[in-house]
């Protein structure tokens, strides 16, 4: 769960969120190294008084500043494509949950082994609960350490179903069925948030 003045992601509670968090850290370190290198070159350039008006171009420098960004982009593309492949791979799920978005609430259906459907409304703000604007009257219950497939759609307008600690954000669009797969690593209470407001 998010806390006040939190500077990092929420705790990773799924394998996909852990991969995305590691990839974020990798990109951040590479960008930091590039920034330090460019700042060093700028300081060195402005503090040096070497000027040669006869040099119009330098073939070696042009090759270097073309090849190095290509290598960096390839170095970033490989783990990015690996994560994208892992996220989109839907194989052998233990449970399928249908998630239907309405304008002020969500509906959930378990239909693999037995049929259960229920609506989930946000709890009124005036009631005395600890999790203000997060808690609902009927919570979605997910098994841990089992692959879960979610089918997300909307009944009326575009919504977005999200659980940040699981690394999930799926658009709920009327007439379209989007899907995700998740594997919850830890037992706990996780909160979802609305990521889009449609007027």
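The values are calculated or read from the model by the stated rules, or taken from the named source; none is laboratory data. Computed from a predicted structure; not experimentally measured. Reconstructed Cβ throughout: ideal geometry from the backbone, glycine too, with neighbour counts over all protein chains shown.
A compact table of results
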quantity	calculated
Filter pass, residue 85 being surrounded by fewer than 10 Cβ atoms within 10 Å (Cβ to Cβ) and either within 30 Å of residue 186 (Cβ to Cβ) or at pLDDT below 85 (or both)	yes
Residue 74, sole failed condition from (1) within 26 Å of the chain's Cα centre (by Cα); (2) over 30 Å from residue 181 (Cβ atoms); (3) surrounded by fewer than 12 Cβ atoms within 10 Å (Cβ to Cβ)	(2)
Of all residues in the range 83-115 being assigned to a helix (DSSP H, G or I) and free of Cβ contacts under 8 Å to residues at least 24 places away in the same chain, the one that is nearest to residue 155 (Cα to Cα)	88
Cβ pairs under 7 Å, 6+ apart, first in the range 1-30 and surrounded by 13 or more Cβ atoms within 10 Å (Cβ to Cβ), second in a loop (DSSP other than H, G, I, E, B) and modelled with pLDDT under 75	10/1; 10/2
Members of the range 3-18 found to be under 18 Å from residue 181 (Cβ atoms) and either modelled with pLDDT of 90 or more or not in a helix (DSSP H, G or I) (or both), listed by number	12, 13, 14
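Residue-by-condition table, conditions (1) in contact with a helix residue (DSSP H, G or I) (Cβ under 9 Å, 6 or more places away or on another chain); (2) buried (at least 17 other Cβ atoms within 10 Å of the Cβ):
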{"position": "122", "(1), (2)": "no, no"}
{"position": "134", "(1), (2)": "no, no"}
{"position": "149", "(1), (2)": "no, yes"}
{"position": "165", "(1), (2)": "yes, yes"}
